[in-house]
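Okay, so here's the structure we're looking at.
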Amino acid sequence: MTLKQLEYFLAIAEAGHITAAAKNLNISQPPLSLQLKALEDELGVQLFERDKRNLTITHEGLILKEKAVEILAMVNETVRELQNLGTDAQGTIHIGTISSACSHLLPDRIIRFRQDHPNVDFQVFEGNSVRVLEMLESGEVDLGIIREPFNTSVYNSVLLKDDILGDDEAGFFVAVGLPSFFDNEDDTISLIDLKGKPLIIHRRYNDMLTNYCRQKGFSPNTIAQNNELASSLSWAEAGIGVALVANNATVQALSGKVVIKKIIIPTITAQAYLVWNKSHNISNLAKQFVELFA
């Protein structure tokens, strides 16, 4: 059994037809059929049920398909590891990130990394924390930047330091809204002061913030939930309500039209972390990139 046979087998399994698989592989049909038969003869099992139109993968074929994906992935990873040793390393680092980190946490690290590795490029995918975790689980990305909470038993993590805000301010929840929504001019606020106010909350944090409010003896007047920080901030600027968001440089860059008040009673945090799946081996390049955040 060769790696080429496994590649051919996976192409057939995906296409469900010899002719279509041969076209995708840019080879003729007869050699592909011969390779499939040779593989079945060597293994002593039937990998596909055949009819005049299509191939249906068998139970044995499904087992081989799962193992073939793992084998080829390991081979590709080994090749990348060997290529990425030394100063002439080349390749691609795939990163999933929340939007707020993409604008100010990533650029500096990427510039620094490419100074030592000019042949390395990046594929960056933006989304909310839930989407980033989905991309990590499926293997679409090597690394993810998300906000807590997340399952620390599943993911390795590095707490990200926000060079713009400083460690004392990054990650704390703040209330953002027009001055008319607040009763004082202080830079801080207690959660109880938001009782009855129209609140705009990121869906990911709704349960957490609701629990905090109930601990203070009231149910939040949530008028909108969403999946993006930009939506919360734009609604706050429009005067629709008060956005409850994790403090970051994007929030601090808002116009003077709104006020930003740090919630201190109780203190609520959602720090940003660089994470990667414990069960997936990451490339040597990705490991070196992680070191920039340590």
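Can you work out the accessible area per residue across region 116-246, with the rest of the protein chains kept in place, probe 1.4 Å, in square angstrom?
Details: 6410 Å² over 131 residues.
Averaged over the residues of region 116-246, the accessible area is 49 Å².
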To the nearest 10 square angstrom, how much accessible area does Ser283 have with a 1.4 angstrom probe?
10 Å²
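Take every DSSP beta bridge with both residues inside region 175-294 and express the antiparallel ones as a percent of the total, to the nearest 5.
Working: 6 of 16 bridges.
So the antiparallel bridges amount to about 40 percent of the total.
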Angle check, please: helix 206-215 long axis (alpha carbons) against the longest principal axis of the chain (alpha carbons), in degrees 0 to 90, nearest 10.
40 degrees
Taking all protein chains together and a probe of 1.4 Å, list Phe48, Phe122 from the most accessible to the least accessible.
Phe122, Phe48
If I ignore ligands, DNA and RNA and count only protein heavy atoms, how much of Asp41 is accessible to a 1.4 Å probe, in Å² to the nearest 10?
100 Å²
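Report the antiparallel proportion of the DSSP beta bridges in the chain as a percent, rounded to a multiple of 5. Can you show the working numbers first?
Numbers: 22 of 43 bridges.
Given both bridge residues lie in the chain, the antiparallel proportion sits at roughly 50 percent.
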Quick check: at a probe of 1.4 Å, how many percent of the accessible area of the chain sits on carbon and sulfur atoms?
50 percent
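To the nearest 20 debye, what is the magnitude of the charge dipole of region 151-294 about its Cα centre, counting +1 on the Cβ of each Lys and Arg and -1 on the Cβ of each Asp and Glu?
On the way: 12 positive and 14 negative charges, 116 e Å.
Using Cβ point charges on Lys, Arg, Asp and Glu, region 151-294 gives about 560 debye.
About the Cα centre of the chain, what is the dipole size in debye to 20, counting +1 per Lys and Arg Cβ and -1 per Asp and Glu Cβ, all else neutral?
Numbers: 26 positive and 36 negative charges, 127 e Å.
Result for the chain is approximately 620 debye, rounded to the nearest 20.
Which whole-number percentage describes the relative contact order of the chain, with Cα contacts under 8 Å and a sequence gap of 6 or more? Walk me through the numbers before you get to the answer.
On the way: 450 pairs, mean separation 60.0, N = 294.
This gives 20 percent for the chain.
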Three-way shape label, region 1-71, alpha-carbon gyration tensor, a/c 1.5
rounded
Return the whole-Å distance between the Cα centroid of region 54-74 and the Cα centroid of region 19-38.
17 Å
Accessible-area ranking of Cys102, Cys213, largest first, probe 1.4 Å
Cys102, Cys213
For the chain, take the longest principal axis of its alpha carbons; what is the angle in degrees between that and the long axis of helix 106-116, to the nearest 10 within 0 to 90?
50 degrees
Please give the solvent-accessible surface of Arg131 in Å², to the nearest 10, using a probe radius of 1.4 Å with every protein chain present.
90 Å²
HN-Hα J couplings of region 220-235 from phi, Karplus 6.51/-1.76/1.60, θ = phi - 60°, integer Hz, Gly and Pro as x?
x, 8, 7, 9, 7, 10, 8, 10, 10, 4, 4, 5, 4, 5, 5, 5
Of the candidates Gln35, Asn277, Ala224, the farthest towards the positive dipole end of the chain (Lys/Arg Cβ +1, Asp/Glu Cβ -1, centred on the Cα centre) is Ala224
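Using helices alone, I'd like the mean residue ellipticity at 222 nm for the chain: each DSSP H run of four-plus residues gives -39500 (n - 2.57), total over residue count, nearest 500. Before the final figure, lay out the partial values.
Values: 11 runs with 119 residues, N = 294.
Theoretical 222 nm ellipticity from helices: -12000 deg cm²/dmol.
The values are calculated or read from the model by the stated rules, or taken from the named source; none is laboratory data. The structure displayed is predicted, hence computed values, not measured ones. In this analysis, Cβ positions are derived from the backbone assuming ideal geometry, glycine residues included, and neighbour counts consider all displayed protein chains. Just the protein is used for accessible areas: all its heavy atoms, side chains included, with ligands, DNA and RNA removed. Shrake-Rupley method; radii C 1.70, N 1.55, O 1.52, S 1.80 Å.
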